[in-house]
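> Before anything else, here's the structure in question.
The values are calculated or read from the model by the stated rules, or taken from the named source; none is laboratory data. Since this is a predicted model, take the numbers as computed values, not measurements. Positions of Cβ are backbone-derived with ideal geometry, glycine not excepted, and every protein chain shown enters the neighbour counts. For the accessible areas, the whole protein counts, side chains as well, though only heavy atoms, and no ligand, DNA or RNA atoms are used. Shrake-Rupley method; radii C 1.70, N 1.55, O 1.52, S 1.80 Å.
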Amino acid sequence: MSASVLIVEDEPAILELVAVNLEHAGYATLRAESAEEAGRLLRETLPDVALLDWMLPGQSGIALARRLRSDARTREMPIIFLTARADEHDKVSALDAGADDYVTKPFSPRELVARIRAVLRRRAPHLGDAAVEIGELALDPGAHTVQSGGHALELGPTEFRLLHFFMTHPNRVYSRSQLLDSVWGDNTIVEERTVDVHIRRLRQALAPGGHDALIETVRGSGYVLRTARPS
């Protein structure tokens, strides 16, 4: 599942340049030329990263960043500013408004892609391509493999994404709705009980390696991957 980036930029040439470079790097892109247009897109879908210009028609990028951070739905979404404003005061203002990073124009497309990858590693590690291990259980997103003690386990695509999310967010309880938003996508229309079906399939796939017990049901709350038994 490729990460998606919302690009909010009012200069069409720069918007096209950024979008093309991100798409070549494997990202899906959403394009908006104003904060108002970005708001309309955000009502329909939730991207994985927002890339904001500061100077926008109508509402500024700073005001948009504050709005995103004040909304529970977009509060955790990484925000990167891409702007010509290079003063230290401007950078501090953007970071205080909730930005995760700040890139000044003119910019290197390769550096911009690297910055996006970096914030995703920090804020959304399940969207990255770094291998992750818990005990003898190893998952490699790039190779799309899961191994237990060196032996391959067979997982379906949804179970793979679910396990990747759990392994990059261990020891934290997630409700069914949170898992649907994070693994299936914010705008996916499926029943919450669908999560139970895939949890059962995931446990069955992990059983040959003895890792099915890692996924615990927390009654009334959801599911958690435990790396250690709670005291």
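> Could you please state, rounded to a whole Å, how far the C-alpha centre of the range 15-82 is from the C-alpha centre of the range 88-120?
If we compute the Cα centre of each part, the gap is 13 Å.
> If you don't mind, another one. Per residue of the range 136-148, in order, report the coupling 6.51 cos²θ - 1.76 cosθ + 1.60 (Karplus, θ = phi - 60°) as ³J(HN,Hα) in whole Hz, putting x for Gly and Pro.
Working through the residues one at a time gives 8, 8, 10, 10, 10, x, x, 8, 6, 10, 10, 10, 10 Hz.
> Can you tell me the accessible area per residue over the chain, all protein chains present, probe 1.4 angstrom, in square angstrom? Could you put the intermediate results ahead of the total?
Details: 11840 Å² over 231 residues.
Per residue, the chain has 51 Å² of solvent-accessible surface.
> Sticking with this one: Taking each pair of different alpha-carbon atoms in the chain once, compute 1/r for the pair, average those values, and report the inverse of that mean as the Kirkwood hydrodynamic radius in Å to one decimal.
Working: mean 1/r = 0.0525 Å⁻¹.
Averaging 1/r across every pair of different Cα atoms and inverting gives 19.0 Å.
> In Å and from the alpha-carbon atoms only, list the Rg and Dmax of the range 148-215.
Looking at the range 148-215, its Cα Rg and Dmax stand at 12.0, 37 Å.
> If you don't mind, there's one more thing I want to ask. Please compute, over every Cα-Cα pair in the range 1-109, the percentage with a separation greater than 26 angstrom.
Details: 526 of 5886 pairs.
Summing the P(r) of the range 1-109 above 26 Å gives 9 percent of all pairs.
> With everything on Cα atoms, drop me the angle between helix 12-24 and the longest principal axis of the chain, reported from 0 to 90° to the nearest 10.
20 degrees
> Considering only protein heavy atoms and a probe of 1.4 Å, how much of the accessible area of the chain is carbon and sulfur, as a whole percent? Spell out each step's value before the answer.
Numbers: 5650 of 11840 Å².
On the chain, the fraction of accessible area on carbon and sulfur atoms equals 48 percent.
> Hey, what do the phi angles of the range 107-113 turn into as Karplus ³J(HN,Hα) couplings, whole Hz, using 6.51/-1.76/1.60 and θ = phi - 60°, x for Gly and Pro?
So the Karplus estimates, Gly and Pro as x, are 10, 8, x, 5, 5, 4, 4 Hz.
> Moving on to the next point. State whether the range 30-72 is rounded, prolate or oblate according to the following rule on the C-alpha gyration tensor (a ≥ b ≥ c being the square roots of its eigenvalues): a/c under 1.5 gives rounded; otherwise a/b larger than b/c gives prolate, and the remaining case gives oblate.
On the way: a/c = 1.61, a/b = 1.21, b/c = 1.33.
It is oblate, given that a/c is not under 1.5 and a/b is not larger than b/c.
> Scan the chain and report its longest stretch carrying no GluC sites (Glu not before Pro) that are both in a DSSP loop and have at most 15 other Cβ atoms within 10 Å.
Numbers: sites that count: Glu76, Glu136, Glu154, Glu191, Glu192.
Counting at most 15 other Cβ atoms within 10 Å as exposed, the longest clean stretch of the chain is 1-75.
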